[in-house]
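Data first, discussion second: the structure below is written as structure tokens.
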Amino acid sequence: MFRIKNAFLALRIRWVISILLLIQFTYGLSTITGTSNIFYNLHYMNSQSLLDLDSTYLVVPDKITDELQKQYTKNDVEEIYDNLKRHPDVVAYGTYYEDNVILDTKAHPLDPQLIADLTNHFLGLDEPIIRTIVIDEPYNQILNLKFTDQDFRKNSNDETNVLVGSYFKRYYKIGDIINAQYKIIGFLPDKYIVNNNTSNVYLKLDKAMLIPMPEDIYTLYDSMISRLQFNTVLKLRPGADLDQLTQMIQLKGDSVPLGIHNLGENIRQDIKVNAYLEIPQMVLGLSFILFSVIGMVVTTIVSIMIRKREFGIKLALGESEHGILYQIIIENLIIAVAGLGLSLLHFMWKYKGLLQFSSDMNLASPLDYKANGSVIGIVFIILLAVILISNFFIYLFIRKQELKTLIGGME
């Protein structure tokens, strides 16, 4: 406690250089927080997919159109899937579609925090929603989930079993029913899943729900044609003949050609592009680390030179070199921790819009900005490295000082 008190007194003496160092930490650590977000997201996308990246392929239209292909029948679509099922390169296939479940806040009172967390402020919605992926039975086999055959034999209004994300463990338990219809039978891992074949962003499962596809929706023509063009997932064997499979999935005469893209390649390409875009930020971050070390060493040495007599008297009275170093470390830690706090405030102010978007949409993407424990932990480790390196050089300087020269200091 005595050393901490002395540290604050010392910072008052060198308040000008302390403020300059604090400003450097604030802006530097804010930049590193943004960079840490990017690289944390890229690692997350490369390692936390619910689908195997290498064997999973997505059916993607060459262009987006709302025009429904009325010249085809359900039999035409079913024939394509039957051919896929028999093809030796196809391990499995499945389809899905995305939906939203609006939570009923009137029938059963809900926790205010649950309502706040699930209300999408970015889209201007006033009601809490659960983002939902509705999967068919073949897709369930790819994902290896807990749904049974009977779960896919129900209609849209029937009570159905569902899986929800880990977030809901705070408010629900297995067996609870949401909206008097969706019975929770398990919780999903903290991973992400494809929710749109045409984009390079993916749905995180922590606040999501997976529902077995109702039989009346599965057999609906509009749904079938839409899922074929936008929401089909293939699990293929290594070396699969993509050209042959691409021809197989085309509806004859369709004006919208379909392609087959590997999920892993899509994600790795996205990671590569964003990593390159982040190079200027990396340079700024590395510059901050270098100049922070230099700045902390120089300002501390200047402080020691100003206070030579103080430290000389302490050494004469029995204080060790390590004791002097501990005093300096505490002073620098106070500045560093204050800088960390201010940098996080600056980061949250600067990226307020992106933080709100990330919180509401809950998507896995390179721009999923957040200030969670993992990101703060990365920044703290970098800050700790700066402090350790700086104080190593400071200790070397202190060791070279002689008692007689310190006693004759400027104070």
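We did not get these values from a lab; they are worked out from the coordinates using the rules stated. Keep in mind the model is a prediction, meaning the values are calculated, not measured. Reconstructed Cβ throughout: ideal geometry from the backbone, glycine too, with neighbour counts over all protein chains shown.
Is any helix in the chain, taking whole DSSP H runs, at least 20 angstrom long along its axis by alpha carbon and on average at least -0.5 on the Kyte-Doolittle scale, and which ones? In the chain, the long hydrophobic H runs are 15-47, 263-277, 279-306, 321-350, 373-400.
Among the listed options (1) 34, 29, 19; (2) 59, 24, 17; (3) 51, 20, 17, the one matching semi-axes √(5λ) of the Cα gyration tensor in Å as calculated from these coordinates is (2). If R0 is 56 Å, the Cβ-Cβ spacing of TYR221 and SER374 corresponds to a FRET efficiency of close to 0.80. Here segment 232-298 and segment 340-400 have alpha carbon centers that stand 25 Å from each other. Only one residue of ASN37, SER303, LEU242 has its Cα farthest out toward the positive end of the dipole of the chain, where Lys and Arg carry +1 and Asp and Glu -1 on Cβ, and that residue is SER303.
With a cut-off of 15 Å on the backbone N, the residues of segment 178-202 near the modelled label site 7 Å out from LYS169 along Cα-Cβ are 185-191. Shape class of segment 30-163 from the alpha-carbon gyration tensor: oblate, with a/c at 1.5 or above and b/c at least as large as a/b. A Cβ-based charge dipole, computed about the Cα centre of segment 63-256 with Lys and Arg at +1 and Asp and Glu at -1, lands at about 540 debye.
Here LYS146 is the anchor, and the lysines within straight C-alpha reach of less than 29 Å, apart from those fewer than 8 places off in the same chain, are LYS74, LYS85, LYS154, LYS169, LYS173, LYS183, LYS191, LYS204, LYS207, LYS235. With a ≥ b ≥ c the root eigenvalues of the C-alpha gyration tensor of segment 63-256, is it rounded (a/c under 1.5), prolate (a/b larger than b/c) or oblate? It comes out prolate by the Cα gyration axes. With a ≥ b ≥ c the root eigenvalues of the C-alpha gyration tensor of segment 286-339, is it rounded (a/c under 1.5), prolate (a/b larger than b/c) or oblate? Prolate, because a/c is 1.5 or more and a/b exceeds b/c. Remark: spin-label model distance MET282-ASN75 equals 5.7 nm, labels positioned 7 Å along the Cα→Cβ axis.
Once every DSSP H run of n ≥ 4 in the chain is given -39500 (n - 2.57) and the sum is divided by its residues, what mean residue ellipticity at 222 nm do you get, rounded to the nearest 500 deg cm²/dmol?
Values: 15 runs with 218 residues, N = 411.
It lands at -17000 deg cm²/dmol.
Arranged from fewest to most other beta-carbon atoms within 10 Å of their beta carbon, LYS400, LYS370 become LYS400, LYS370. Modelled spin labels at ASP176 and ASP104, positioned 7 Å past Cα toward Cβ, are 1.6 nm from each other.
Measuring r between the beta carbons of ASP52 and ASP149 and using R0 = 22 Å, the FRET efficiency lands at 0.40.
A Förster radius of 35 Å, combined with the Cβ-Cβ distance separating LEU354 from LEU290, puts the computed FRET efficiency at roughly 0.80.
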